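What follows is a short report on a single structure.
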Amino acid sequence: MQTLNPDYFLKIVECGSLTKAAEELIVSQPSLSQYIRRLERSLDAKLFDRKSSPMKLTYTGERYYQYALKLRDMNRNIQNEISDIQNQTSGRLKLGVTLWRGACLLPDIYPEFNSEYPNIKIELFEGRFNRLQRALMNNMIDIAVAPMPRSANFGELFYETLLEERIFLAVPSNHPYVLSLNGKNSAGLDIFSQIPLIITKPGQNLTYEVESFFAKNHVDPIILFDTDNLTTAINLVAEGIACTFVPEEGAKICRREGRVTFLMTEPQILVWDLVAVYKKGSYLNNISRTFIDFMKRHFSEAKA
């Protein structure tokens, strides 16, 4: 059986059309059509149902797709391992970060990392965690850094904990309820009946954690609206009209002195883990390992 460049086959499946696949591969559409015919002749089987749009795989095509994915992973793993055997000390790290986390994480760690490892270049991929999961499974990124609720199921992904992080409630410093706390650094669940809440949109891990918190404690908060951008939420908190949940590392950066107060919640303090995530069974290259170990050291020293 001939493989005939599985990357071409995988790209056609991913795009669902020869035209789009040809554009992304920078090859002509006729050459891709010839590629499919040669591949199907070598297998003596039809891989695509050409009557459908977008193109769909036959059952045989679906089975070959699984084989091609495994073959691509094997090729990638051996290439990474050979690079490490050659003591590669420079290269590119394809790093995924969740929305807003990059704005908090990179200014904190990148200057020192770049000073220590100037020949490692970072290619950044940002998005919600479900997008990062797909990117990891499709080998578009090497690792992702994301906060993760402890009840979450990683499925085909493996993780290493970098930092235990609290989630604070950001509230308007001049709100009557906040003033009634007399400097206390925590608030009871009744605060959510007094101050409207701005929540992050579905698909973000913070949304998952906050909604689980409310469900466990039988709280029905007043939701003002939801947003993709946590900075928007914090700025509105500073204007005195709402509260919002903010991860601890973000609270250090997004301070609004005299206008926003960060509280813990009672009776349960929200805590999750900041983790480095990568695909199970994949070879973790030396550059990825270096970056993960650097982050662990950085957060450990910052806590000391």
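Within region 208-223, identify whether any single residue is among the aromatic types (Phe, Trp, Tyr), surrounded by 13 or more Cβ atoms within 10 Å (Cβ to Cβ) and at pLDDT 90 or above, and answer yes or no. Yes. Among the residues making up region 277-304, those that are of a type in the set (A, V, I, L, M, F, W, C) and either under 17 Å from the mean Cα position of the chain (by Cα) or crowded, with 18+ Cβ neighbours inside 10 Å (or both) are Val277, Leu284, Ile287, Phe291, Ile292, Met295, Phe299. Restricted to region 193-237, and to residues there that are within 17 Å of the chain's Cα centre (by Cα) and of a type in the set (A, V, I, L, M, F, W, C), the residue that is farthest from Gly250 (Cα to Cα) is Leu206.
Among the residues making up region 201-231, those that are assigned to a helix (DSSP H, G or I) and either in the same structural domain as Asn130 (by TED's automatic domain parsing) or of a type in the set (Gly, Ala, Ser) (or both) are Ser212, Ala215.
So, of the residues in region 227-243 that are aliphatic (A, V, I, L, M) and modelled with pLDDT of 90 or more, which turns out to be surrounded by the most Cβ atoms within 10 Å (Cβ to Cβ)? Working first, answer last.
Taking region 227-243 as the starting set, the residues that turn out to be aliphatic (A, V, I, L, M) are 230, 233-234, 236-238, 241-242.
Filter again for modelled with pLDDT of 90 or more, leaving 233-234, 236-238, 241-242.
On the way: Ala233: 26, Ile234: 22, Leu236: 20, Val237: 28, Ala238: 19, Ile241: 13, Ala242: 23.
Checking each candidate, the answer is Val237.
Scanning region 34-61 for residues that are among the charged types (D, E, K, R), in a helix (DSSP H, G or I) and either at pLDDT 90 or above or surrounded by fewer than 13 Cβ atoms within 10 Å (Cβ to Cβ) (or both) gives Arg37, Arg38, Arg41. Pairing each residue of region 226-244 that is within 16 Å of Ile191 (Cβ to Cβ) with any residue that is of a type in the set (A, V, I, L, M) and assigned to a loop (DSSP other than H, G, I, E, B), provided the two are 6+ apart or on different chains, yields C-beta distances under 6 Å for Cys243/Ile195.
Checking each residue in region 166-189 for being surrounded by fewer than 18 Cβ atoms within 10 Å (Cβ to Cβ) and in contact with a helix residue (DSSP H, G or I) (Cβ under 7 Å, 6 or more places away or on another chain) picks out Arg166, Tyr177.
Has region 20-33 got at least one residue that is more than 30 Å from the chain's Cα centre (by Cα), surrounded by 13 or more Cβ atoms within 10 Å (Cβ to Cβ), at pLDDT 85 or above and of a type outside the set (S, T, N, Q)? Yes, there is a match, as at least one residue in region 20-33 is more than 30 Å from the chain's Cα centre (by Cα), surrounded by 13 or more Cβ atoms within 10 Å (Cβ to Cβ), at pLDDT 85 or above and of a type outside the set (S, T, N, Q). Considered as a group, the residues in region 115-164 that are within 18 Å of Thr200 (Cα to Cα) and in contact (Cβ under 8 Å) with a residue 60 or more places away in the chain include one that is surrounded by the fewest Cβ atoms within 10 Å (Cβ to Cβ), and that residue is Asn130. Look through region 244-271, keep the residues that are in a strand (DSSP E or B) and of a type in the set (Val, Ile, Thr), and return whichever of them is surrounded by the fewest Cβ atoms within 10 Å (Cβ to Cβ). Applying the filter and picking the extreme gives Val271.
Within region 81-95, work out how many residues are modelled with pLDDT of 90 or more and either among the basic types (Lys, Arg) or in a helix (DSSP H, G or I) (or both). So that I can check it myself, show each step before the final result.
Filtering region 81-95 down to residues modelled with pLDDT of 90 or more leaves 93-95.
Checking which are either among the basic types (Lys, Arg) or in a helix (DSSP H, G or I) (or both) leaves us with 94.
Here the count works out to 1.
Counting only helices (runs of 4 or more DSSP H) that sit wholly inside region 96-192, those with at least 3 residues that are within 30 Å of Ile12 (Cα to Cα) and within 23 Å of the chain's Cα centre (by Cα) are 129-137. Here is a check on your reading of the model: is Leu274 surrounded by 17 or more Cβ atoms within 10 Å (Cβ to Cβ) and in contact (Cβ under 8 Å) with a residue 40 or more places away in the chain? Spelling it out, Leu274 is indeed surrounded by 17 or more Cβ atoms within 10 Å (Cβ to Cβ) and in contact (Cβ under 8 Å) with a residue 40 or more places away in the chain.
The values are calculated or read from the model by the stated rules, or taken from the named source; none is laboratory data. Quantities reported herein were computed from a predicted structural model and do not represent experimental measurements. Heads up, the Cβs are rebuilt from the backbone with ideal geometry, glycines too, and the neighbour counts pull from every protein chain shown.
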